[in-house]
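Take a look at the structure set out below.
The values are calculated or read from the model by the stated rules, or taken from the named source; none is laboratory data. It should be emphasised that the depicted structure is a prediction, and the values quoted were computed from it without experimental measurement. Heads up, the Cβs are rebuilt from the backbone with ideal geometry, glycines too, and the neighbour counts pull from every protein chain shown. What goes into the accessible areas is simple: the full protein's heavy atoms, side chains included, and nothing from ligands, DNA or RNA. Shrake-Rupley method; radii C 1.70, N 1.55, O 1.52, S 1.80 Å.
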Amino acid sequence: MIIDILSWILLMAGGILGIIGGIGIYRFPDFYSRLHAAGITDTLCALLILLGLGLQAGWGIASFKLALIFIFLLFTCPTASHALANAALHSGLKPKLGKDAARLNHD
Amino acid sequence: MKSFSFAALLFLFWISLSGYFEPLLLGLGLASVALTVFLSKRMNVIDCESYPLHLSSKFPNFFVYLFREIIKANIDVVACILGWRGASISPQLVKIPQLQKTDLGTVIYANTITLTPGTVSIELSEKTITIHALTKEAADELATGSMSNEISKRIFEK
Amino acid sequence: MFIAISLAILITMGLALTRALAGPTTYDRIAAVNMFGTKTVLLIAVLALLSGRADLLDIALVYALINFIGVIAALKLVTQGDFHTTDKDTISADKGELE
């Protein structure tokens, strides 16, 4: 019973975080800041949802597979984000910087 | 010796993914483990870098730190998206010094930077990492190098 | 309750899809598709527990891997124009990494 309530709380928090990340990827002004919004849904949102599902599934192969899915996401998402950002910077896409940003002479 | 423990780990992995103990399926598992180990030996990738078994005892300690950082950074970015307490974004592109000595340490550091939302590592070089940060605070915190120190302390120190 | 969580994930997927359709640059689109793929993995995992069929988790696992490879492949296609790499390209790419 307690586990049920806990898992629903985790699942709901994950879902809400996902929607917030979606709003972020919709609202943010340029590509680089959108990557950060996508980062939310890749890390904490996935963690909370998979943890909640794992509590529902109980010990066994199912929860092992859920943990494995999370570890795959943990390893692949930063690599994909880094590759995207690196490719975008090399292709000459300039980030929009804030007012208090130190100007960096890049290339 | 290393390839033997690699094969044992892979077979354990096969069993925990399939959950069946029929002879045919176990045989197929053994065959694919043998093929994988053979290919990995041919590609020469079973070494300290791609199979860091000697570091596995350090990972729990590191993961605690990683998840704490992820949660803190997530709260910051959520505040930015929703505009709580007047939080607003001010994207920064900065170069921070890269203090890790080994390639593995550099990769772990860059991946940790990217994993915590609000900062993305864009480019690696020998001495510096170019990062894009969502707020000035996040960029300043990374520039102090505390995350690099934590990684050195938690993973590479005896 | 599983339905509610599926709906939340679907809304997120819809927002990501909006960005993929609207995104001014190609990189926006790829980032949005990457996020869409991650959400698909989560949705499959939720559906696996909703329908009580643990086999679906294997599909989620494979989807997570294919999503990553697909993003990298799409990125290579966009940055280089084709999947073909000569030795010269690889060397210049390496130099670009290390400056």
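Within the stretch B:49-72, the residues that become at least 50 Å² less accessible when every protein chain is included than when their own chain is isolated (1.4 Å probe; DNA, RNA and ligands ignored) are B:67. Take the accessible area of C alone and of A alone, subtract that of the pair with a 1.4 Å probe, and the total buried over both chains is about 3600 Å². Relative to the longest principal axis of the Cα atoms of chain B, the long axis of helix B:23-43 makes an angle of roughly 60 degrees. Heavy-atom accessible area buried between chains A and B is around 3300 Å² (1.4 Å probe, both sides summed). Against the main long axis of the alpha-carbon atoms of chain A, helix A:31-40 sits at an angle near 10°.
Taking the 1.4 Å solvent-accessible surface of the stretch B:2-43 as the whole, the part contributed by carbon and sulfur is 80%. With the charge dipole of the protein assembly as shown set up from +1 on Lys and Arg Cβ and -1 on Asp and Glu Cβ about the Cα centre, the Cα lying farthest toward the positive end among the listed residues B:110, B:1, A:46 is that of A:46. The distance from the alpha carbon centre of the stretch B:83-130 to that of the stretch C:48-74 is 29 Å, rounded to a whole number.
With everything on Cα atoms, drop me the angle between helix B:59-82 and the longest principal axis of chain B, reported from 0 to 90° to the nearest 10. Computed tilt is about 40 degrees.
For chain A, a crude dipole built from +1 on the beta carbon of Lys and Arg and -1 on the beta carbon of Asp and Glu, taken about the Cα centre, is about 280 debye to the nearest 20.
Taking the 1.4 Å solvent-accessible surface of the stretch A:2-90 as the whole, the part contributed by carbon and sulfur is 78%. Gyration tensor analysis over the Cα atoms of the stretch B:2-43 returns equivalent ellipsoid semi-axes of 19, 11, 7 Å (largest first, whole Å). With distances taken between every two different alpha-carbon atoms, the stretch B:1-130 has a Kirkwood hydrodynamic radius of 18.4 Å.
For the protein assembly as shown, the Kirkwood estimate of hydrodynamic radius, built from reciprocal distances between every pair of different alpha carbons, is 21.7 Å. Averaged per residue, the protein assembly as shown has 51 square angstrom of accessible surface, using a 1.4 angstrom probe with ligands and nucleic acids left out. Mean projected area of the convex hull spanned by the Cα atoms of chain A, taken over all viewing directions: 8.4 nm².
Considering all different alpha carbon pairs of the stretch A:28-90, the Kirkwood hydrodynamic radius works out to 13.0 Å. Using a probe of 1.4 Å, the accessible surface attributed to residue A:77 totals some 10 Å² when neighbouring protein chains are kept in position.
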